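Q: Sharing a structure with you now.
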Amino acid sequence: MTEAILFSLFSFSAVVFAFNVIFRKNPVHCALHLVGVLLSLSGMFVLLNAQFIAAIQILIYAGAIMVLFLFVVMLLNVRGEVPLLTPGAAKGFGFFFALIAFVEVLWVVVTHGGAEGTPQPPAPLPPGFGSPAEIGRILYTTWLFPFEVTSILLLIAVIGAVVLAKRKFA
Amino acid sequence: MDAAFLIESAVKVLIVLGFVLLGVPLIVWMERKVIGHMQDRIGPQRVGPFGLLQTIADGIKLFFKEDIIPAQADRVVFILAPALSVITAFVALTVVPFGDTITVAGRTVYLHITDVNVAILWVLGTTSMGVYGIVLGGWASNSKYPLLGGLRSSAQMISYELAQGISLVSVILMTGTLSLASIVRQQEHMWFIVPQFFAFVIYILCGIAETNRAPFDLPEAETELVAGFHTEFSSMKFALYFLAEYANMMVVSAIAISVFFGGWRGPFLPPVVWFLIKLSLFLFFYVWLRATFPRLRYDQLMAFGWKVLLPASLLNLTVTAVVVALQNNP
Amino acid sequence: MQTSGMPLEAYQLVAALLFTIGLIGVLVRRSALIIFMSIELMLNAVNLSFVAFSKHHGQMDGQIFVFFVMSVAAAEVAVGLAILVAIFRNRETANVDDVHLLKG
């Protein structure tokens, strides 16, 4: 019962914030609404027994990535563009295509993946599900190789960002 | 999720809220008195006994000031920014254990609002969210000095967040848990300050930089940037920023106490009293630093954070990891 | 922990909705920054879907994947915003319609 209330609250706020992200003129407002989406999703992660992921979402996504976004928005000082949406028929095509994608995903969800998926009852959760200890255990044993590759990827991203954003002293 | 649990949580939240709202005027009074005496003068002494009501008088004065919003400012964000600062400061206190357990009406009540198994990540996350209050305050003012102050302050805060987190990870390696209540419980025989002294030093330096306190308070220095990001804020919004700064000081001190100094542990007195004693000592240390050291220049500050504290915390982490690994697999 | 919760389809519906909203944002807005934010929205919708499936099947692998998605998103945002800043420095505009020099 509490889960239903919290789920409705978080999902409603996430969708409202998401609509505001794409339909606002001021980029700073869009960024703030995206932070709202991230916080709502963090709440939903807690409902889904993913405590570590919820905390990481706040710490990294809302606390670091969006701050970077805000910095760039303020640095570039981009005013809202006029007109707001892409002009002409491309706008209609965009909405239509998105609607088609939504209907497709909805169909997959409702029919449980077509012939292959069979509706299964939720599996029982092992103790410590979603806790940092479990994540650490799996991350450093089963998923060790992707973890190391991700660290190299992040190093590349750091170097790339520094090189790209440096002013060339001609 | 029964009614008793809800009532218990609500009472705990109200108590912590009241504690912070009453504690901040006391901290401000202590700061003014202590800095006064360190500067060979008396400090507030006329309003109430020993000047204790001075902060209340200042609060009432701030409340009655005119609330000005600049014409070109972004209204919604302008009003939101101080609220964000205050909210993140208060929310970080929900996982701090103020004491052990007490028995009320037959129920065992733990003296923390909640004990999540990711408590340290929660605290780090909410202090990261505290950056928004500052950067948005600077932006929404639509004015040069606040913008510069806000950007500098937030750049400083995100630079020192890394070293702060990594120094806490060194302790987590030793405890094996992220929950603050468990960390305090594990310090029965030895406080973690003893094996992790360097982590504590790094953490407290980062904490001072995070809360924009002297000697790291260039972004809100009056002589350099008017008043930094809170230039254009008046009346209650300024009071909220003020409140948020001191509440953040309390958060940093509370985490340092819980992680390094045994939390509420101590010989004879009840646990809550020990916690308050340690908290007061930490806050006195904050004020002492402010009275003693000159301000760091901004480039010195950033160089210190990136080039000194971050490698030091990583080195500490490596050494701790090696020692813990050798202990587990000799 | 509770054994009965919201059905899986509810979470998937919300994730699909968020994904579609992000998709609309990418296709319809002209400012490069907003397009970036819409991409982040799509990534978050996918995260929600992963975590919901992870709980449904009782396996942690979904959450590990979310961990990786977040790291990759961080890297992508860093590099993408750096590119955006470089373009903006040259062209003084963040409108993707104006960056068409390679068009035939």
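Q: Residue under question is B:PHE50, and the condition is that it be surrounded by fewer than 18 Cβ atoms within 10 Å (Cβ to Cβ) and either in contact with a helix residue (DSSP H, G or I) (Cβ under 8 Å, 6 or more places away or on another chain) or of a type in the set (Gly, Ala, Ser) (or both); does it hold? Give the steps one after another, and end with the answer.
A: Working: surrounded by fewer than 18 Cβ atoms within 10 Å (Cβ to Cβ): yes; either in contact with a helix residue (DSSP H, G or I) (Cβ under 8 Å, 6 or more places away or on another chain) or of a type in the set (Gly, Ala, Ser) (or both): yes.
For B:PHE50, the condition - surrounded by fewer than 18 Cβ atoms within 10 Å (Cβ to Cβ) and either in contact with a helix residue (DSSP H, G or I) (Cβ under 8 Å, 6 or more places away or on another chain) or of a type in the set (Gly, Ala, Ser) (or both) - is met.
Q: Could you identify the single residue in C:ALA86, C:ALA75 that is under 22 Å from A:PHE71 (Cβ atoms), at the interface with another protein chain (Cβ under 7 Å from one of its Cβ atoms) and under 14 Å from the mean Cα position of the chain (by Cα)? It would help to see each step written out before you state the result.
A: Working: C:ALA86 fails: under 14 Å from the mean Cα position of the chain (by Cα).
Exactly one residue qualifies, and that residue is C:ALA75.
Q: While we're looking at this one, here's another question. If we scan the range C:68-90, do we find a residue that is out of contact with any Asp or Glu (no Cβ under 6 Å at 6 or more places or on another chain), under 18 Å from C:TYR11 (Cα atoms), hydrophobic (A, V, I, L, M, F, W, C) and buried (at least 21 other Cβ atoms within 10 Å of the Cβ)? Steps first, answer last, please.
A: So the first thing to find is which residues in the range C:68-90 are out of contact with any Asp or Glu (no Cβ under 6 Å at 6 or more places or on another chain), and the list is C:68-90.
Those left that are additionally under 18 Å from C:TYR11 (Cα atoms): none.
The answer is no; no qualifying residue exists.
Q: What are the residues in the range C:1-55 that are at the interface with chain A (Cβ under 7 Å from one of its Cβ atoms), touching a strand residue (DSSP E or B) at 6+ places or on another chain (Cβ under 8 Å) and touching a residue at least 40 places away in the same chain (Cβ under 8 Å), if any?
A: Listed by number, the residues that qualify are C:ARG30, C:SER31.
Q: Please tell me if C:VAL79 is modelled with pLDDT under 95 and among the β-branched types (Val, Ile, Thr).
A: Details: modelled with pLDDT under 95: yes; among the β-branched types (Val, Ile, Thr): yes.
Yes: the conditions hold for C:VAL79.
Q: Among the numbered criteria (1) part of a loop (DSSP other than H, G, I, E, B); (2) in contact with a Gly (Cβ under 9 Å, 6 or more places away or on another chain), which one does B:PRO25 miss?
A: Only one criterion in (1) part of a loop (DSSP other than H, G, I, E, B); (2) in contact with a Gly (Cβ under 9 Å, 6 or more places away or on another chain) is unmet by B:PRO25, namely (1).
Q: In the range A:112-133, what residues are at pLDDT 70 or above and of a type in the set (A, V, I, L, M, F, W, C)?
A: A:ALA123, A:LEU125, A:PHE129, A:ALA133
Q: Just one of (1) touching a His at 6+ places or on another chain (Cβ under 9 Å); (2) within 17 Å of B:TYR286 (Cα to Cα); (3) not aromatic (Phe, Trp, Tyr) trips up B:ILE35, so point out which.
A: Among (1) touching a His at 6+ places or on another chain (Cβ under 9 Å); (2) within 17 Å of B:TYR286 (Cα to Cα); (3) not aromatic (Phe, Trp, Tyr), B:ILE35 violates only (1).
Q: Sticking with this structure for a sec: Hey, among the residues in the range A:134-156 that are surrounded by 14 or more Cβ atoms within 10 Å (Cβ to Cβ) and over 22 Å from the mean Cα position of the chain (by Cα), which one's modelled with the highest pLDDT?
A: If we take residues in the range A:134-156 being surrounded by 14 or more Cβ atoms within 10 Å (Cβ to Cβ) and over 22 Å from the mean Cα position of the chain (by Cα), then A:ILE138 is modelled with the highest pLDDT.
Q: Tell me whether the range B:166-189 contains one or more residues that are in contact with a Cys (Cβ under 9 Å, 6 or more places away or on another chain) and more than 10 Å from chain A (Cβ to nearest Cβ).
A: So the first thing to find is which residues in the range B:166-189 are in contact with a Cys (Cβ under 9 Å, 6 or more places away or on another chain), and the list is B:167.
With the extra rule that they be more than 10 Å from chain A (Cβ to nearest Cβ), the set shrinks to B:167.
Checked against the condition, which is being in contact with a Cys (Cβ under 9 Å, 6 or more places away or on another chain) and more than 10 Å from chain A (Cβ to nearest Cβ), the range B:166-189 yields at least one hit.
Q: With the structure loaded, tell me whether B:THR108 is surrounded by fewer than 19 Cβ atoms within 10 Å (Cβ to Cβ) and within 30 Å of B:THR177 (Cα to Cα) or whether it fails that test.
A: Details: surrounded by fewer than 19 Cβ atoms within 10 Å (Cβ to Cβ): yes; within 30 Å of B:THR177 (Cα to Cα): yes.
Spelling it out, B:THR108 is indeed surrounded by fewer than 19 Cβ atoms within 10 Å (Cβ to Cβ) and within 30 Å of B:THR177 (Cα to Cα).
Q: Identify the single condition in (1) modelled with pLDDT of 90 or more; (2) of a type in the set (D, E, K, R); (3) touching a helix residue (DSSP H, G or I) at 6+ places or on another chain (Cβ under 7 Å) that A:GLU104 does not satisfy, given that it satisfies every other one.
A: It fails just one condition, (3).
Q: Do we have C:GLY58 as more than 20 Å from A:VAL35 (Cβ to Cβ) and surrounded by fewer than 19 Cβ atoms within 10 Å (Cβ to Cβ) here?
A: Values: more than 20 Å from A:VAL35 (Cβ to Cβ): yes; surrounded by fewer than 19 Cβ atoms within 10 Å (Cβ to Cβ): yes.
Criteria met by C:GLY58.
Q: Being without any contact (Cβ under 8 Å) to a residue 40 or more places away in the chain and closer than 21 Å to B:THR177 by Cβ is the filter here; which residues of the range B:228-277 pass it?
A: Scanning the range B:228-277 gives a single hit, B:ILE257.
Q: Just to be sure, is B:MET129 farther than 30 Å from B:PRO294 by Cβ, within 14 Å of chain A (Cβ to nearest Cβ) and crowded, with 19+ Cβ neighbours inside 10 Å?
A: Details: farther than 30 Å from B:PRO294 by Cβ: yes; within 14 Å of chain A (Cβ to nearest Cβ): yes; crowded, with 19+ Cβ neighbours inside 10 Å: yes.
So B:MET129 passes the test.
Q: Are there helices (runs of 4 or more DSSP H) fully within the range A:1-92 with at least 3 residues that are more than 10 Å from chain B (Cβ to nearest Cβ) and within 26 Å of C:GLY5 (Cα to Cα)? List them.
A: Numbers: elements: A:2-23, A:27-47, A:51-56, A:66-76.
Counting at least 3 such residues, we get A:2-23, A:27-47.
The values are calculated or read from the model by the stated rules, or taken from the named source; none is laboratory data. Since the structure is predicted, the reported quantities are computational estimates derived from the model, not experimental observations. Don't worry about glycine lacking a Cβ; one is built from the backbone with ideal geometry, like all the others, and counts go over all protein chains shown.
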